[in-house]
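For reference, the structure discussed in these notes is given below.
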Amino acid sequence: MAAGVFVFLYGFILYGMYELSFQVVSWKKRLKEKYRGKEHFGWIMVPTLIAGVGVGVPLVFISIISFAVLVVLNSYTVGANRAADEIKAFVQCDHPEARCTRIFSGTDLIAEGKIVTVSAKSLAVFDGHRVLILDHDNLRVETEIQKQHR
């Protein structure tokens, strides 16, 4: 489906460029007819158009690239701030109000903390000091349900 959309958009853009070329030729022809015989047209308008295009096009490209870079930097900053807030808000597992997950291999406790992420082959656990990445072959995961205090 994505390939079909790509082909459609590519064809649409090519057709638009083809049609736009006829419009540009028409505009040039109308301008030539309108200003033919005007003595100072070439001295005033041509340098002005060249300067406008020469400055405008690079500014547009610089603006687009700057916007893309700012979006990436903003995403990175937001992610770093959220991670720092999560680390600060972490309650150690020995605290009575902690909601920690225990990971066992057989009957042996191998890690305790907050699960950060799980993939097809491994899981990541934050224990308050570091992130442990464990292969989850034959692992048992237990999370206690907290009792509400009244």
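The values are calculated or read from the model by the stated rules, or taken from the named source; none is laboratory data. Because the structure is a prediction, the values reported are computed rather than measured. Counting neighbours? That spans all protein chains shown, and the Cβs are built from the backbone with ideal geometry, glycine included. Side chains included, ligands, DNA and RNA excluded: accessible areas come from the protein's heavy atoms. Shrake-Rupley method; radii C 1.70, N 1.55, O 1.52, S 1.80 Å.
Here are a few things to note about the model shown:
- Listed residues V131, F6, F104: farthest to the positive end of the dipole of the chain (Cβ charges): F6
- In the chain, lysine pairs closer than 23 Å at Cα, eight or more apart or cross-chain: 4
- Cα-centre dipole for the range 1-123 with unit charges at Cβ (Lys and Arg positive, Asp and Glu negative), debye to 20: 960
- Rolling a 1.4 Å probe over the protein chains gives L132 an accessible area of about 40 Å².
- Over the chain, accessible surface divided per residue gives 87 Å², non-protein components excluded, 1.4 Å probe.
- For the chain, the residue among A68, G16, Q92 whose Cα projects farthest onto the positive side of the dipole built from Cβ charges is G16.
- With contributions of -39500 (n - 2.57) from each DSSP H run of at least four residues, the per-residue ellipticity at 222 nm computed over the chain stands at -20500 deg cm²/dmol.
- Rolling a 1.4 Å probe over the protein heavy atoms of the range 3-136, with every protein chain left in place, gives an accessible area that is 68 percent carbon and sulfur.
- A crude spin-label estimate for the pair N138 and D85, with each label 7 Å from Cα along the Cβ direction, gives 4.2 nm.
- Nearest-10 value in Å² for the accessible area of E86, using the 1.4 Å probe: 100
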